[in-house]
1. Out of (1) in a strand (DSSP E or B); (2) buried (at least 19 other Cβ atoms within 10 Å of the Cβ); (3) away from the ligand (no atom under 12 Å from the Cβ), the odd one out for residue 95 is which?
2. Any idea which residue in the stretch 98-118 is farthest from residue 176 (Cα to Cα), counting only those that are in contact (Cβ under 8 Å) with a residue 24 or more places away in the chain and more than 16 Å from the ligand (Cβ to nearest atom)?
3. Got a number for residues in the stretch 46-65 being touching a helix residue (DSSP H, G or I) at 6+ places or on another chain (Cβ under 8 Å) and more than 16 Å from residue 20 (Cα to Cα)?
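The values are calculated or read from the model by the stated rules, or taken from the named source; none is laboratory data. Fair warning: this is a prediction, and the values are worked out from it, not measured in the lab. Cβ atoms come from the backbone with ideal geometry, glycine included; neighbour counts cover every protein chain shown.
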Ligand code: 13P
């Protein structure tokens, strides 16, 4: 890793209500020291309904953990029943938004074009997208991983100003590794993430590619994080299941 600050993000998915979120933040902060926060950017992406409570707790107790959302709409307001806009998130001091998670793509039909709209909108509202890419098991077995992630990166960043791409985070999450207990090996994750960095270079130039932080996601646990983080292109992790437990997340942050 060259000059890129590690970033560990918790994706709680549809877990932990706002009471649980407050308890989590208090327990988690008790486990960490200032040096941990200095060394790693920490982001918690809870369900929308937790954001206000978590914001209040983090700010009142001066816990240097950034808030993230798991999704948003691309418009700033309008007749979009059930949706939440980036400007609403910005008002809650949300800093990051996960965009194009494979569960959004697979369960809710998000296309690369929608992902691109969301990336541009999130950036236009001064927020940082965590852009998720990754291949299915079938694509993995067919040797189609490189083509898949290259295409996803090209489309996600199409028309995005390279100065904005510099601020972005990308998460490589092989779908077959999500929630399965089978993480990609550090070498395999490194290989694909270096391809992703090359794709960012094609989309936005080499400066952007060197600045973008790229996370690995998929069955990250306290026991496998350090080997992943030892890889030169892996700048952090997007953690699902293990991020629900404050002790596990603290151990991951202290890789
Ligand atoms: P798990 O860590 O539970 O495999 O989930 C990964 C993920 O999808 C994070 O966004």
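1. Going through (1) in a strand (DSSP E or B); (2) buried (at least 19 other Cβ atoms within 10 Å of the Cβ); (3) away from the ligand (no atom under 12 Å from the Cβ) one by one, residue 95 breaks only (2).
2. So, considering only residues that are in contact (Cβ under 8 Å) with a residue 24 or more places away in the chain and more than 16 Å from the ligand (Cβ to nearest atom), the one farthest from residue 176 (Cα to Cα) is 117.
3. Matching residues across the stretch 46-65 total 4.
Residue by residue, here is whether (1) surrounded by fewer than 21 Cβ atoms within 10 Å (Cβ to Cβ); (2) in a strand (DSSP E or B); (3) modelled with pLDDT under 95 holds:
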| residue | (1), (2), (3) |
| --- | --- |
| 116 | no, no, no |
| 126 | yes, no, no |
| 132 | no, yes, no |
| 135 | no, no, no |
| 138 | yes, no, no |
| 146 | yes, no, no |
| 150 | yes, no, no |
| 154 | yes, no, no |
